[in-house]
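This structure is in structure tokens; I'll ask about it shortly.
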Amino acid sequence: MQRETTYDVSAIRKQFPILSRKVKGKNLVYLDNAATSQKPSSVIDALVHYYSHYNANIHRGLHTLADEATAAYEASRVAVKTFIGASSPDEIIFTKGTTESINLVAKSWGGTFLEKDDEIIISSLEHHANIVPWQMIAAEKGAKLRVIPMDDNGLLDMDAYSKMLNAKTKFVSIVHVSNALGIINPVEEIIRLAHMNNALVLLDGAQSSVHLDIDVQTLDCDFYVFSGHKIYGPTGVGVLYGKRHLLEKMPPYQGGGEMIKEVSFEKTTYNELPFKFEAGTPNIADVIALKAGIDFIDSIGKPSIRKHEEMLLEHASMHLRKIPGLKIIGDVENKVSVVSFVIDGVHPQDLAILLDNQGIAVRTGHHCAQPLMQRLGIVGTTRASFAAYNTMEEIDALVLALNKSLKMLL
């Protein structure tokens, strides 16, 4: 259970070894958390402890190491179930990331239930991972992909969305929080309207899972996906949540060991949930360490982290708006701790290099959201994204470095 504590950012930072390093002779200021968060010692230690003390394959072994590895792996499944409010650990499928989770649903559900001329709805804000898999399955099945438009601030046109829903709409796949702009979409209303139309909904929670309190049962989404590396956990591990009755109807995504009950050359019978979708030896160490990332968040409490991040966002936005020629993209109220901006006459890549020379890590480019950038009429943005361990002083360092860089560029 999450609990609120006195927020001590200095103590939090001490849990992250990488934050003490220098880059180009400067103290590291890491503001690329929307791409991947840094890892506390507890996550790193969990990886080392597994490989040092009970490295073994899971589920099938009968020896002590296999039992210990299996118990730790399944403890992570229970932790994820609690973290997102699922009704059962069996509804939690481990993947290698958000991208694979979406591909699994598109291929397994879409490949089975979509028919010619059916419609899939996504939005203008989507990451490529929530565009390309649906394009692929739509082309394969003869279905149609439709896109919810947005205004110039990045807010979805909900009237247009409600009018798009029709008898042919079978699936809605929507980003909960924009990775490029930080905008929180009105997913409760999106889900409600879709279900009134008998369509299923997948939420891309890659960005929302670390910032927002998630309860998939309250949201009533049919699928929810996210990645470990954005919630202070390891890379190479992700989660697919699906309602049990839907997962049970879906065929396996891959074939191999563990996802079977019995195999003969004539016939194979598939395993029960969740193992039906976890073929082969999984990413055991990183799944185990994922629990340590969740435990880190729970030790502070999402409400406390969110309050701290909102202060950082407010501080950053206020000072960035004072920089001549700088425009914040997606400058709306309902967003998480991401600030994405452009500066007149400055290419984002040039700016990123100058910031890196001052020890500041930000992300620049299209952020795997090229259609969004095309809609906005820009090549890309500079994106600073904040986490539990960032400080006001780091925001001030960013602003100072930006002003210094602009003197060199303009």
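How many residues does region 258-281 contain that are surrounded by fewer than 20 Cβ atoms within 10 Å (Cβ to Cβ), under 17 Å from Arg77 (Cα atoms) and of a type in the set (Asp, Glu)?
2
So which residues in region 86-113 are in a strand (DSSP E or B) and either modelled with pLDDT under 95 or aromatic (Phe, Trp, Tyr) (or both)? Give the derivation first.
Kept after step one, since they are in a strand (DSSP E or B), are these residues of region 86-113: 92-95.
Correct list: Phe94 only.
Tell me, which strands (runs of 3 or more DSSP E) wholly within region 226-299 include 1 or more residues that are at pLDDT 95 or above, under 21 Å from Ser209 (Cβ atoms) and not hydroxyl-bearing (Ser, Thr, Tyr)? Even if it seems obvious, please write down each step before you answer.
On the way: elements: 238-242, 260-263, 268-270.
Filter on region 226-299 gives 238-242.
Moving to a separate point now. For region 114-146, name all the residues that are free of Cβ contacts under 8 Å to residues at least 60 places away in the same chain, surrounded by fewer than 18 Cβ atoms within 10 Å (Cβ to Cβ) and either part of a loop (DSSP other than H, G, I, E, B) or out of contact with any Asp or Glu (no Cβ under 7 Å at 6 or more places or on another chain) (or both).
If the condition is that a residue be free of Cβ contacts under 8 Å to residues at least 60 places away in the same chain, surrounded by fewer than 18 Cβ atoms within 10 Å (Cβ to Cβ) and either part of a loop (DSSP other than H, G, I, E, B) or out of contact with any Asp or Glu (no Cβ under 7 Å at 6 or more places or on another chain) (or both), then Glu115, Lys116, Asp117, Val132, Gln135, Met136, Ala139, Glu140, Gly142, Leu145 are the ones that fit.
Go through region 198-211 residue by residue and tally those that are surrounded by 15 or more Cβ atoms within 10 Å (Cβ to Cβ) and either of a type in the set (Phe, Trp, Tyr) or not in a helix (DSSP H, G or I) (or both). Steps first, answer last, please.
The first filter runs over region 198-211 and keeps only residues surrounded by 15 or more Cβ atoms within 10 Å (Cβ to Cβ), leaving 199-211.
After this cut, where a residue has to be either of a type in the set (Phe, Trp, Tyr) or not in a helix (DSSP H, G or I) (or both) as well, the list is 199-207.
Result for region 198-211: 9.
Cβ-Cβ under 9 Å, sequence separation 6+ or interchain: first residue in region 202-213 and assigned by TED's automatic domain parsing to the domain that holds His176, partner surrounded by fewer than 24 Cβ atoms within 10 Å (Cβ to Cβ) and at pLDDT below 95. Which pairs?
Asp213/Gln2
Here is a check on your reading of the model: is Ser42 surrounded by 15 or more Cβ atoms within 10 Å (Cβ to Cβ), among the polar types (S, T, N, Q) and assigned to a helix (DSSP H, G or I)?
So Ser42 fits the description; yes.
Here's something else I'd like to know. What pairs come out if I take residues in region 370-385 that are assigned by TED's automatic domain parsing to the domain that holds Val132 and touching a residue at least 12 places away in the same chain (Cβ under 8 Å) and pair them with residues that are of a type outside the set (Gly, Ala, Ser) and surrounded by fewer than 21 Cβ atoms within 10 Å (Cβ to Cβ) whose C-beta lies under 9 Å away, six or more apart or interchain?
From region 370-385, no pairs qualify.
Within region 327-360, work out how many residues are surrounded by 17 or more Cβ atoms within 10 Å (Cβ to Cβ) and either more than 24 Å from Pro149 (Cα to Cα) or among the polar types (S, T, N, Q) (or both).
12
So Asp204 ticks every box in (1) under 18 Å from His127 (Cα atoms); (2) among the charged types (D, E, K, R); (3) over 17 Å from the mean Cα position of the chain (by Cα) but one. Which box is left unticked?
If we test Asp204 against (1) under 18 Å from His127 (Cα atoms); (2) among the charged types (D, E, K, R); (3) over 17 Å from the mean Cα position of the chain (by Cα), just (3) comes out false.
Has region 5-24 got at least one residue that is in contact (Cβ under 8 Å) with a residue 12 or more places away in the chain, assigned to a strand (DSSP E or B) and crowded, with 16+ Cβ neighbours inside 10 Å?
At the first step, the residues of region 5-24 found to be in contact (Cβ under 8 Å) with a residue 12 or more places away in the chain are 5, 7, 9, 12-13, 15-19, 22-24.
Checking the rest, the ones that are also assigned to a strand (DSSP E or B) come to 22-23.
Next cut, crowded, with 16+ Cβ neighbours inside 10 Å only: none.
No, region 5-24 contains no residue that is in contact (Cβ under 8 Å) with a residue 12 or more places away in the chain, assigned to a strand (DSSP E or B) and crowded, with 16+ Cβ neighbours inside 10 Å.
Please tell me if Ile174 is among the aliphatic types (A, V, I, L, M), outside any strand (DSSP E or B) and either free of Cβ contacts under 8 Å to residues at least 40 places away in the same chain or in the same structural domain as Leu155 (by TED's automatic domain parsing) (or both).
Working: among the aliphatic types (A, V, I, L, M): yes; outside any strand (DSSP E or B): no; either free of Cβ contacts under 8 Å to residues at least 40 places away in the same chain or in the same structural domain as Leu155 (by TED's automatic domain parsing) (or both): yes.
Spelling it out, it is not the case that Ile174 is among the aliphatic types (A, V, I, L, M), outside any strand (DSSP E or B) and either free of Cβ contacts under 8 Å to residues at least 40 places away in the same chain or in the same structural domain as Leu155 (by TED's automatic domain parsing) (or both).
Okay, moving on. Of the residues Leu372, Leu354, Leu326, Leu409, only one is of a type outside the set (Gly, Ala, Ser), in contact with a Phe, Trp or Tyr (Cβ under 6 Å, 6 or more places away or on another chain) and more than 27 Å from Tyr7 (Cβ to Cβ); which?
Working: Leu372 fails: in contact with a Phe, Trp or Tyr (Cβ under 6 Å, 6 or more places away or on another chain); Leu354 fails: in contact with a Phe, Trp or Tyr (Cβ under 6 Å, 6 or more places away or on another chain); Leu409 fails: in contact with a Phe, Trp or Tyr (Cβ under 6 Å, 6 or more places away or on another chain).
Among Leu372, Leu354, Leu326, Leu409, only Leu326 is of a type outside the set (Gly, Ala, Ser), in contact with a Phe, Trp or Tyr (Cβ under 6 Å, 6 or more places away or on another chain) and more than 27 Å from Tyr7 (Cβ to Cβ).
Could you identify the single residue in Ile294, Ile300, Ile284 that is β-branched (Val, Ile, Thr), crowded, with 16+ Cβ neighbours inside 10 Å, more than 18 Å from the chain's Cα centre (by Cα) and within 17 Å of Gln15 (Cβ to Cβ)?
Details: Ile294 fails: more than 18 Å from the chain's Cα centre (by Cα); Ile284 fails: within 17 Å of Gln15 (Cβ to Cβ).
Testing whether each residue is β-branched (Val, Ile, Thr), crowded, with 16+ Cβ neighbours inside 10 Å, more than 18 Å from the chain's Cα centre (by Cα) and within 17 Å of Gln15 (Cβ to Cβ) leaves just Ile300.
The values are calculated or read from the model by the stated rules, or taken from the named source; none is laboratory data. In this text, all values refer to a predicted model and were calculated from it rather than measured experimentally. Backbone-built Cβ (ideal geometry, glycine too); neighbour counts: all protein chains shown.
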